[in-house]
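The values are calculated or read from the model by the stated rules, or taken from the named source; none is laboratory data. In this text the structure is predicted, and so the values were computed from the model without any measurement. When we count neighbours, we look across all protein chains shown, and the Cβ atoms used for this are built from the backbone with ideal geometry, even at glycine. When the accessible area is computed, the model is the full protein with side chains, heavy atoms only, and any ligands, DNA or RNA have been set aside. Shrake-Rupley method; radii C 1.70, N 1.55, O 1.52, S 1.80 Å.
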Protein chains: 2
Amino acid sequence: MTPKDYRIADERLMMRAVDLSEEGRRCGQGGPFGAVVARAGQVVGEGWNQVTSSNDPTAHAEIVAIRDAAQRLESFDLAGCVIYSSCEPCPMCLAACYWARVDHLYYANTRDDAAEIGFDDRLIYEELPLARSERSLSMTRIELPDAIRPLQRWAADDDKTPY
Amino acid sequence: MTPKDYRIADERLMMRAVDLSEEGRRCGQGGPFGAVVARAGQVVGEGWNQVTSSNDPTAHAEIVAIRDAAQRLESFDLAGCVIYSSCEPCPMCLAACYWARVDHLYYANTRDDAAEIGFDDRLIYEELPLARSERSLSMTRIELPDAIRPLQRWAADDDKTPY
(Lines give C-alpha, C1' and ligand atoms only; values in the text may rest on other atoms or scores of the structure.)
Protein backbone atom coordinates (compact mmCIF):
# COMPACT_ATOMS: atom_id res chain seq x y z
CA MET A 1 0.00 0.00 0.00
CA THR A 2 1.30 3.38 -0.97
CA PRO A 3 -0.16 6.44 0.72
CA LYS A 4 -3.01 7.98 -1.25
CA ASP A 5 -2.02 11.24 -2.93
CA TYR A 6 -5.53 12.66 -2.85
CA ARG A 7 -7.90 13.75 -0.13
CA ILE A 8 -11.34 12.63 0.93
CA ALA A 9 -12.75 15.76 -0.75
CA ASP A 10 -11.28 14.58 -4.04
CA GLU A 11 -12.84 11.17 -3.52
CA ARG A 12 -16.25 12.76 -2.98
CA LEU A 13 -15.97 14.80 -6.15
CA MET A 14 -14.97 11.66 -8.03
CA MET A 15 -18.01 9.88 -6.59
CA ARG A 16 -20.10 12.66 -8.07
CA ALA A 17 -18.45 12.13 -11.48
CA VAL A 18 -19.17 8.39 -11.23
CA ASP A 19 -22.78 9.10 -10.21
CA LEU A 20 -23.11 11.30 -13.30
CA SER A 21 -21.68 8.53 -15.49
CA GLU A 22 -24.42 6.21 -14.26
CA GLU A 23 -27.14 8.86 -14.50
CA GLY A 24 -26.27 9.65 -18.12
CA ARG A 25 -26.13 5.96 -18.98
CA ARG A 26 -29.46 5.25 -17.29
CA CYS A 27 -31.13 8.15 -19.16
CA GLY A 28 -29.74 6.74 -22.42
CA GLN A 29 -28.09 10.04 -23.32
CA GLY A 30 -24.76 8.56 -24.37
CA GLY A 31 -21.80 6.53 -23.12
CA PRO A 32 -21.33 5.78 -19.40
CA PHE A 33 -19.04 8.69 -18.60
CA GLY A 34 -19.35 11.64 -16.21
CA ALA A 35 -17.12 14.56 -15.25
CA VAL A 36 -16.96 17.36 -12.70
CA VAL A 37 -14.91 20.58 -12.74
CA ALA A 38 -14.21 22.05 -9.31
CA ARG A 39 -12.46 25.10 -7.95
CA ALA A 40 -11.36 25.21 -4.31
CA GLY A 41 -13.43 22.10 -3.70
CA GLN A 42 -16.65 23.57 -5.10
CA VAL A 43 -18.32 22.20 -8.23
CA VAL A 44 -18.23 24.81 -11.01
CA GLY A 45 -19.17 22.57 -13.92
CA GLU A 46 -20.38 19.06 -14.60
CA GLY A 47 -21.80 16.84 -17.26
CA TRP A 48 -22.15 13.41 -18.77
CA ASN A 49 -21.66 12.05 -22.23
CA GLN A 50 -24.39 13.25 -24.61
CA VAL A 51 -23.00 12.09 -27.97
CA THR A 52 -26.00 10.09 -29.11
CA SER A 53 -28.80 12.16 -27.55
CA SER A 54 -27.53 15.55 -28.72
CA ASN A 55 -26.11 14.40 -32.07
CA ASP A 56 -22.74 15.79 -31.12
CA PRO A 57 -19.71 13.52 -31.51
CA THR A 58 -17.70 15.95 -29.36
CA ALA A 59 -20.12 15.88 -26.40
CA HIS A 60 -17.96 13.70 -24.20
CA ALA A 61 -18.41 14.13 -20.44
CA GLU A 62 -15.21 16.17 -19.96
CA ILE A 63 -16.01 18.49 -22.88
CA VAL A 64 -19.55 19.03 -21.53
CA ALA A 65 -18.18 19.73 -18.01
CA ILE A 66 -15.44 22.07 -19.28
CA ARG A 67 -17.93 24.01 -21.39
CA ASP A 68 -20.29 24.21 -18.42
CA ALA A 69 -17.55 25.50 -16.10
CA ALA A 70 -16.28 28.03 -18.66
CA GLN A 71 -19.83 29.36 -19.08
CA ARG A 72 -20.45 29.60 -15.35
CA LEU A 73 -17.07 31.24 -14.65
CA GLU A 74 -17.34 33.37 -17.78
CA SER A 75 -13.80 32.50 -18.78
CA PHE A 76 -12.14 30.27 -21.38
CA ASP A 77 -9.27 29.86 -18.91
CA LEU A 78 -9.94 27.32 -16.17
CA ALA A 79 -6.56 27.72 -14.42
CA GLY A 80 -7.18 27.12 -10.73
CA CYS A 81 -9.72 24.41 -11.53
CA VAL A 82 -9.39 20.64 -11.25
CA ILE A 83 -11.26 18.07 -13.32
CA TYR A 84 -12.62 14.74 -12.06
CA SER A 85 -13.52 12.26 -14.77
CA SER A 86 -15.14 8.89 -14.17
CA CYS A 87 -12.79 7.54 -16.86
CA GLU A 88 -9.34 8.51 -18.08
CA PRO A 89 -9.98 11.02 -20.86
CA CYS A 90 -9.71 10.11 -24.52
CA PRO A 91 -7.15 12.18 -26.50
CA MET A 92 -9.81 14.74 -27.49
CA CYS A 93 -10.76 15.36 -23.88
CA LEU A 94 -7.20 15.24 -22.57
CA ALA A 95 -6.18 17.85 -25.13
CA ALA A 96 -9.24 19.90 -24.10
CA CYS A 97 -7.94 19.80 -20.50
CA TYR A 98 -4.65 21.30 -21.74
CA TRP A 99 -6.46 24.02 -23.69
CA ALA A 100 -8.67 24.78 -20.67
CA ARG A 101 -5.50 25.06 -18.51
CA VAL A 102 -6.92 22.99 -15.65
CA ASP A 103 -4.44 22.44 -12.82
CA HIS A 104 -4.90 18.73 -12.31
CA LEU A 105 -6.85 15.77 -13.58
CA TYR A 106 -8.30 12.92 -11.52
CA TYR A 107 -9.73 9.80 -13.14
CA ALA A 108 -11.23 6.52 -11.93
CA ASN A 109 -11.55 3.99 -14.77
CA THR A 110 -8.71 3.76 -17.27
CA ARG A 111 -8.54 4.13 -21.05
CA ASP A 112 -8.19 0.34 -21.18
CA ASP A 113 -11.47 -0.06 -19.30
CA ALA A 114 -13.10 2.12 -21.97
CA ALA A 115 -11.46 0.13 -24.77
CA GLU A 116 -12.69 -3.12 -23.19
CA ILE A 117 -16.30 -2.12 -23.80
CA GLY A 118 -15.70 -0.97 -27.35
CA PHE A 119 -14.69 2.69 -27.21
CA ASP A 120 -11.88 3.89 -29.45
CA ASP A 121 -9.80 5.74 -26.88
CA ARG A 122 -6.84 3.37 -27.18
CA LEU A 123 -6.91 3.37 -30.98
CA ILE A 124 -6.92 7.18 -31.13
CA TYR A 125 -4.08 7.37 -28.57
CA GLU A 126 -2.08 5.11 -30.89
CA GLU A 127 -2.98 7.07 -34.02
CA LEU A 128 -2.15 10.61 -32.92
CA PRO A 129 1.65 10.24 -32.60
CA LEU A 130 1.91 8.58 -36.03
CA ALA A 131 3.20 10.37 -39.08
CA ARG A 132 0.34 11.86 -41.07
CA SER A 133 0.77 9.31 -43.86
CA GLU A 134 0.53 6.37 -41.45
CA ARG A 135 -2.76 7.25 -39.83
CA SER A 136 -5.98 5.38 -40.61
CA LEU A 137 -7.66 8.79 -41.08
CA SER A 138 -6.11 9.97 -44.31
CA MET A 139 -4.95 13.57 -44.57
CA THR A 140 -3.97 15.74 -47.52
CA ARG A 141 -2.37 19.15 -47.47
CA ILE A 142 -3.78 21.73 -49.85
CA GLU A 143 -1.23 24.53 -50.09
CA LEU A 144 -2.92 27.84 -50.68
CA PRO A 145 -0.67 30.89 -50.88
CA ASP A 146 -3.12 33.06 -48.92
CA ALA A 147 -3.82 30.58 -46.12
CA ILE A 148 -1.01 31.88 -43.93
CA ARG A 149 -2.15 35.53 -44.05
CA PRO A 150 -4.79 35.33 -41.27
CA LEU A 151 -2.13 33.82 -38.99
CA GLN A 152 0.29 36.61 -39.85
CA ARG A 153 -2.37 39.23 -39.21
CA TRP A 154 -3.24 37.59 -35.87
CA ALA A 155 0.43 37.66 -34.86
CA ALA A 156 0.69 41.35 -35.79
CA ASP A 157 -2.55 42.39 -34.01
CA ASP A 158 -1.83 44.04 -30.67
CA ASP A 159 -5.53 44.20 -29.73
CA LYS A 160 -6.17 40.46 -29.88
CA THR A 161 -7.21 38.32 -26.92
CA PRO A 162 -4.61 35.53 -26.74
CA TYR A 163 -5.57 32.13 -25.35
CA MET B 1 6.18 18.69 -59.15
CA THR B 2 4.08 15.74 -58.09
CA PRO B 3 0.51 15.55 -59.34
CA LYS B 4 -1.96 17.07 -56.92
CA ASP B 5 -4.01 14.43 -55.12
CA TYR B 6 -7.01 16.71 -54.69
CA ARG B 7 -9.48 18.32 -57.07
CA ILE B 8 -10.41 21.90 -57.81
CA ALA B 9 -13.62 21.35 -55.81
CA ASP B 10 -11.48 20.52 -52.77
CA GLU B 11 -9.40 23.64 -53.35
CA ARG B 12 -12.58 25.76 -53.40
CA LEU B 13 -13.85 24.27 -50.17
CA MET B 14 -10.45 24.94 -48.60
CA MET B 15 -10.62 28.54 -49.80
CA ARG B 16 -13.93 28.79 -47.93
CA ALA B 17 -12.24 27.45 -44.77
CA VAL B 18 -9.45 30.01 -45.17
CA ASP B 19 -12.00 32.79 -45.73
CA LEU B 20 -13.72 31.74 -42.49
CA SER B 21 -10.39 31.83 -40.67
CA GLU B 22 -9.93 35.45 -41.72
CA GLU B 23 -13.55 36.39 -41.01
CA GLY B 24 -13.40 35.00 -37.48
CA ARG B 25 -10.08 36.76 -36.85
CA ARG B 26 -11.37 40.05 -38.20
CA CYS B 27 -14.49 39.86 -35.98
CA GLY B 28 -12.22 39.21 -33.00
CA GLN B 29 -14.09 36.04 -32.08
CA GLY B 30 -11.00 33.90 -31.52
CA GLY B 31 -7.89 32.52 -33.20
CA PRO B 32 -7.42 32.71 -36.99
CA PHE B 33 -8.81 29.30 -37.85
CA GLY B 34 -11.74 28.17 -40.00
CA ALA B 35 -13.20 24.83 -41.02
CA VAL B 36 -15.78 23.38 -43.39
CA VAL B 37 -17.48 19.97 -43.38
CA ALA B 38 -18.74 18.82 -46.78
CA ARG B 39 -20.62 15.81 -48.13
CA ALA B 40 -20.55 15.06 -51.85
CA GLY B 41 -19.02 18.49 -52.43
CA GLN B 42 -21.77 20.38 -50.57
CA VAL B 43 -21.10 22.31 -47.37
CA VAL B 44 -22.97 20.70 -44.46
CA GLY B 45 -21.21 22.48 -41.61
CA GLU B 46 -18.78 25.30 -41.03
CA GLY B 47 -17.32 27.51 -38.37
CA TRP B 48 -14.42 29.49 -37.05
CA ASN B 49 -12.62 29.57 -33.74
CA GLN B 50 -14.77 31.14 -31.01
CA VAL B 51 -12.72 30.34 -27.91
CA THR B 52 -12.42 33.86 -26.56
CA SER B 53 -15.79 35.26 -27.67
CA SER B 54 -17.90 32.34 -26.44
CA ASN B 55 -15.83 31.52 -23.36
CA ASP B 56 -15.39 27.98 -24.58
CA PRO B 57 -11.86 26.55 -24.67
CA THR B 58 -13.14 23.72 -26.86
CA ALA B 59 -14.64 26.00 -29.54
CA HIS B 60 -11.89 25.44 -32.11
CA ALA B 61 -12.93 25.80 -35.75
CA GLU B 62 -13.08 22.06 -36.45
CA ILE B 63 -15.15 21.36 -33.32
CA VAL B 64 -17.56 24.16 -34.25
CA ALA B 65 -17.85 22.87 -37.83
CA ILE B 66 -18.30 19.23 -36.72
CA ARG B 67 -20.99 20.21 -34.24
CA ASP B 68 -22.69 22.30 -36.91
CA ALA B 69 -22.65 19.45 -39.44
CA ALA B 70 -23.88 16.91 -36.88
CA GLN B 71 -26.79 19.20 -35.98
CA ARG B 72 -27.70 19.84 -39.61
CA LEU B 73 -27.46 16.16 -40.57
CA GLU B 74 -29.08 15.08 -37.28
CA SER B 75 -26.41 12.45 -36.76
CA PHE B 76 -23.39 12.04 -34.51
CA ASP B 77 -21.82 9.95 -37.29
CA LEU B 78 -20.29 12.00 -40.10
CA ALA B 79 -19.12 9.03 -42.18
CA GLY B 80 -19.32 10.09 -45.82
CA CYS B 81 -18.22 13.62 -44.92
CA VAL B 82 -14.87 15.31 -45.47
CA ILE B 83 -13.42 18.12 -43.36
CA TYR B 84 -11.40 21.10 -44.66
CA SER B 85 -9.45 22.97 -42.04
CA SER B 86 -7.47 26.14 -42.67
CA CYS B 87 -4.83 24.67 -40.35
CA GLU B 88 -3.77 21.16 -39.46
CA PRO B 89 -5.93 20.22 -36.47
CA CYS B 90 -4.61 20.23 -32.92
CA PRO B 91 -4.85 16.86 -31.12
CA MET B 92 -8.26 17.75 -29.67
CA CYS B 93 -9.68 18.45 -33.11
CA LEU B 94 -7.91 15.56 -34.82
CA ALA B 95 -9.32 13.18 -32.21
CA ALA B 96 -12.75 14.80 -32.78
CA CYS B 97 -12.39 13.95 -36.49
CA TYR B 98 -11.85 10.31 -35.54
CA TRP B 99 -14.89 10.30 -33.22
CA ALA B 100 -16.98 11.97 -35.93
CA ARG B 101 -15.85 9.26 -38.41
CA VAL B 102 -15.12 11.72 -41.22
CA ASP B 103 -13.69 10.04 -44.33
CA HIS B 104 -10.82 12.42 -45.02
CA LEU B 105 -9.15 15.54 -43.73
CA TYR B 106 -7.71 18.39 -45.80
CA TYR B 107 -5.60 21.13 -44.22
CA ALA B 108 -3.71 24.18 -45.47
CA ASN B 109 -1.40 25.58 -42.78
CA THR B 110 0.51 23.13 -40.60
CA ARG B 111 0.71 22.59 -36.85
CA ASP B 112 4.13 24.25 -36.99
CA ASP B 113 2.58 27.36 -38.54
CA ALA B 114 0.18 27.46 -35.55
CA ALA B 115 3.01 26.93 -33.09
CA GLU B 116 5.00 29.76 -34.72
CA ILE B 117 2.36 32.27 -33.67
CA GLY B 118 2.10 30.97 -30.14
CA PHE B 119 -0.51 28.20 -30.17
CA ASP B 120 0.14 25.05 -28.15
CA ASP B 121 -0.65 22.47 -30.81
CA ARG B 122 2.91 21.17 -31.01
CA LEU B 123 3.28 20.98 -27.22
CA ILE B 124 0.06 19.00 -26.86
CA TYR B 125 1.07 16.64 -29.69
CA GLU B 126 4.28 15.96 -27.77
CA GLU B 127 2.48 15.52 -24.43
CA LEU B 128 -0.23 13.04 -25.39
CA PRO B 129 1.98 10.01 -26.17
CA LEU B 130 3.93 10.44 -22.90
CA ALA B 131 3.39 8.22 -19.90
CA ARG B 132 0.87 9.75 -17.51
CA SER B 133 3.58 10.54 -14.96
CA GLU B 134 5.69 12.43 -17.51
CA ARG B 135 3.07 14.89 -18.70
CA SER B 136 3.09 18.53 -17.66
CA LEU B 137 -0.62 18.17 -16.80
CA SER B 138 -0.48 16.02 -13.68
CA MET B 139 -2.93 13.14 -13.34
CA THR B 140 -3.95 11.01 -10.39
CA ARG B 141 -6.04 7.88 -10.40
CA ILE B 142 -8.71 7.58 -7.70
CA GLU B 143 -9.75 3.95 -7.60
CA LEU B 144 -13.37 3.63 -6.60
CA PRO B 145 -14.79 0.12 -6.46
CA ASP B 146 -18.11 1.20 -7.99
CA ALA B 147 -16.66 3.25 -10.86
CA ILE B 148 -16.57 0.31 -13.27
CA ARG B 149 -20.26 -0.62 -12.80
CA PRO B 150 -21.73 1.91 -15.28
CA LEU B 151 -19.33 0.57 -17.93
CA GLN B 152 -20.38 -3.00 -17.17
CA ARG B 153 -24.06 -2.04 -17.34
CA TRP B 154 -23.44 -0.24 -20.66
CA ALA B 155 -21.75 -3.36 -22.07
CA ALA B 156 -24.66 -5.54 -20.95
CA ASP B 157 -27.38 -3.21 -22.28
CA ASP B 158 -28.79 -4.48 -25.57
CA ASP B 159 -30.93 -1.36 -26.09
CA LYS B 160 -28.06 1.14 -26.11
CA THR B 161 -27.08 3.32 -29.05
CA PRO B 162 -23.40 2.57 -29.67
CA TYR B 163 -21.14 5.24 -31.17
Here the correct list, in nm and shortest first, of distances from residue A:126 to the same site in the other copies, label points 7 Å along Cα→Cβ, is 2.6
Once the label point is placed 7 Å from Cα along Cβ, list for residue B:74 the distances to the corresponding points in the other copies, in nm, shortest first.
3.8
Here the whole-number average of other chain Cβ atoms within 10 Å per Cβ of A:61-69 is 2
For B:86-93, what's the mean count of beta carbons from other chains sitting within 10 Å of each residue's beta carbon?
6
Normalised by the number of residues in chain B, what is the relative contact order in percent for Cα pairs under 8 Å and 6+ residues apart?
15
What is the pair-distance distribution P(r) of region B:1-151, computed from all Cα-Cα distances in 10 Å bins starting at 0, with each bin given as a whole percent?
11, 36, 31, 16, 5, 1
Taking the full set of protein chains and a 1.4 angstrom probe, give the accessible area of residue B:4 in square angstrom, rounded to the nearest 10.
130
How do A:111, B:26 rank by accessible surface area computed with a 1.4 Å probe, from largest to smallest?
B:26, A:111
May I ask you to rank B:136, A:133, B:53, A:86 by accessible area, largest first, using a 1.4 Å probe over the protein chains only?
A:133, B:136, B:53, A:86
List the distances, in nm to one decimal, from the label point of residue B:149 to the label points of the same position in every other copy, shortest first, placing each label point 7 Å from Cα along the Cα-to-Cβ direction.
6.0
Furthest towards positive pole of dipole, B:14, B:137, B:110, structure part the protein assembly as shown, Cβ charges
B:14
Check the axis relating chain B to chain A and name the residue of B whose C-beta is nearest, distance in whole Å.
B:129, 2
About its Cα centre, how strong a charge dipole does region A:61-163 have in debye, to the nearest 20, once Lys and Arg get +1 and Asp and Glu get -1 at the Cβ?
300
Can you give the FRET efficiency to the nearest 0.05 for residue B:112 and residue A:104, using r as the Cβ-Cβ distance and R₀ = 30 Å?
0.55
